[in-house]
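Participant: Next up is a structure, given as structure tokens.
Every read-out reported here was derived from the displayed coordinates using simple, explicitly stated rules and does not represent laboratory data. Keep in mind that this is a model prediction, so the values were computed, not measured. Every residue, glycine as well, gets a Cβ built from its backbone with ideal geometry; the counts of neighbours run over all protein chains shown.
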Amino acid sequence: ETGVTQTPRHLVMGMTNKKSLKCEQHLGHNAMYWYKQSAKKPLELMFVYNFKEQTENNSVPSRFSPECPNSSHLFLHLHTLQPEDSALYLCASSQEVGRGSYNEQFFGPGTRLTVL
Amino acid sequence: ILNVEQSPQSLHVQEGDSTNFTCSFPSSNFYALHWYRWETAKSPEALFVMTLNGDEKKKGRISATLNTKEGYSYLYIKGSQPEDSATYLCAFLKNTGFQKLVFGTGTRLLVSP
């Protein structure tokens, strides 16, 4: 496998379910990101991990819980979501976050989430 | 609040037409401007990272220019082909604080045979 992969590609869940999204990057990068894209809105940054440490939480509700066990894997744990959380969730990676880096990011194909 | 605007929202051209679209961003605290190409059901793919005022970059039939003083970038596609159909995203990176890409909503291009 190359690049950034995400599983599952599609997910339908009820508001009381618990599910997890998985992202894996094979690029040797040290930074990983979760983005949300809702219809007709720009990509919205949710979380950033740099060298496995969370460096950004963009005021995301606690029903979304990220986990980064190592630099290659990133999870997004979902619990008691709302219908308005239905969106495309994209994972990305970059070399690292910091000064001197132009932060070129490599994206996965996304998970299309529907909350009923 | 940083605003990155892209226009037009969508564009429909015929095969062989040349086209261009615009990304507007804040002219202060500029660090870099990214262009991505995003085909339906695929991953967004980086096209260009532009960092200097007056930059021009080219990849095949696609090219981009950058004006940081007035806060805009143009993306040009020469002789559009159906495989160019995609959403083209730009993203602004500022030179202060946390390095976060701020994305526009994209221009959706459809090229008909």
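Participant: Work out, step by step, the length gained on full extension between residue A:84 and residue A:2: first 0.36 nm times the residue separation, then minus their alpha carbon distance; give nm to one decimal.
Facilitator: 26.3 nm
Participant: Still on this structure: Looking at B:75, B:9, B:20, which one has the Cα that reaches farthest to the positive end of the dipole of the protein assembly as shown (charges on Cβ: Lys, Arg +1; Asp, Glu -1)?
Facilitator: Looking along the dipole axis, the top candidate is B:9.
Participant: So if R0 is 45 Å, what FRET efficiency would residue B:112 and residue A:27 give, r being the distance between their Cβ atoms, rounded to the nearest 0.05?
Facilitator: 0.80
Participant: Now, a different point. Among A:32, A:46, what is the fewest-to-most ranking by other Cβ atoms within 10 Å?
Facilitator: A:46, A:32
Participant: Take a quick pass over chain A and tell me how many lysine pairs come in under 19 angstrom between Cα atoms, counting only ones 8 or more apart or on separate chains.
Facilitator: On the way: A:18/A:36; A:19/A:36; A:22/A:36; A:22/A:52.
Lysine pairs, 8 or more places apart or on different chains, close enough: 4.
Participant: Do any cysteines of chain A lack a neighbour Cys whose Cβ is under 4.7 Å away, and which are they?
Facilitator: A:68
Participant: Here's another thing I want to ask about it. Testing the spin-label approximation: label points 7 Å from Cα along Cα→Cβ at residue B:58 and residue A:112. State their distance in nm.
Facilitator: Here the modelled spin labels are 3.8 nm apart.
Participant: Right, here's the next one. Using the count of nearby Cβ atoms within 10 Å as a rough guide to exposure, how do A:29, A:79 rank from fewest to most?
Facilitator: On the way: A:29 18, A:79 15.
By the 10 Å Cβ count, ascending: A:79, A:29.
Participant: With label points built 7 Å along Cα→Cβ from the Cα atoms of residue A:54 and residue A:101, find their separation and express it in nm.
Facilitator: Label at residue A:54, label at residue A:101, 1.9 nm between them.
Participant: Cross-link candidates for residue B:78: which lysines have Cα within less than 17 Å, leaving aside residues fewer than 8 places away along the same chain?
Facilitator: Here the lysines satisfying the reach criterion relative to residue B:78 are B:57, B:58, B:59.
Participant: Which number comes out as Rg/Rh for region B:17-101 once both Rg and the Kirkwood Rh are worked out on C-alpha atoms?
Facilitator: 0.98
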